[in-house]
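Just below is one structure, and these are the notes that go with it.
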Amino acid sequence: MHGRDGEVHVILFSFLRLLHVLSMAVWLASVLWLPGDVRRSIARGGPHLAAAAERGGDQVRLDLYAGIATALTGIGLLWRRAWLARPALWVGVVVGLAMVGLVAFGLVPAWRRTAGRLAAGDAAGATATVPRLAALAAAGQLLWVIALALMVLPV
């Protein structure tokens, strides 16, 4: 590409990469502290339970939306640069899609159970759901480490 077309291509690619990095950062951080926040809110009891249900719902929705945005922008980056020769990046796409699946089909339902109990003021019931919530959040963080490593590997 030469001239103006080349400049437009570079600007679009750079913008897509910026969106990818921003959505990744949001995705990585969105539920990082969720299990601990729920535990602390349960320990405080009373009005803190309903507030935790509200906060956590926002975090889980943001986690899902940022995950979808990250996957879409990542696929867009691969398409724009035709990085078919970098298998690690394609494995990263698979890991990213697995992460989206983990959020959509694991974390979201686990959160709904926890949030329902928090909103109902059922501290004991909510406490029982926190280990699964924490395990799913930790699994997502582990997949994050794998995905980030795959993005920088030169293979």
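The values are calculated or read from the model by the stated rules, or taken from the named source; none is laboratory data. Owing to the predicted nature of the structure, the values given are computational and were not obtained by experimental measurement. No Cβ is skipped: glycine too gets one built from the backbone with ideal geometry, and neighbour counts run over all protein chains shown.
Key figures for this structure:
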{"quantity": "Where a residue in the range 135-148 is closer than 18 Å to P87 by Cα and its partner, wherever it lies, is among the β-branched types (V, I, T) and assigned to a helix (DSSP H, G or I), with Cβ under 8 Å and at least six apart", "calculated": "L143/V95; I146/V95; A147/V95"}
{"quantity": "Selection within the range 97-134 - surrounded by fewer than 19 Cβ atoms within 10 Å (Cβ to Cβ), assigned to a helix (DSSP H, G or I) and of a type outside the set (A, V, I, L, M, F, W, C)", "calculated": "G101, G106, P109, R112, R113, G116, G125, T127, P131, R132"}
{"quantity": "Condition check for D63: acidic (D, E), part of a helix (DSSP H, G or I) and in contact with a helix residue (DSSP H, G or I) (Cβ under 9 Å, 6 or more places away or on another chain)", "calculated": "yes"}
{"quantity": "Every residue from the range 1-37 that is among the aromatic types (F, W, Y) and surrounded by fewer than 17 Cβ atoms within 10 Å (Cβ to Cβ)", "calculated": "F13, F15, W33"}
{"quantity": "Matching option when the condition is surrounded by 19 or more Cβ atoms within 10 Å (Cβ to Cβ), at pLDDT below 90 and either among the β-branched types (V, I, T) or within 18 Å of I146 (Cα to Cα) (or both), among G74, G67", "calculated": "G74"}
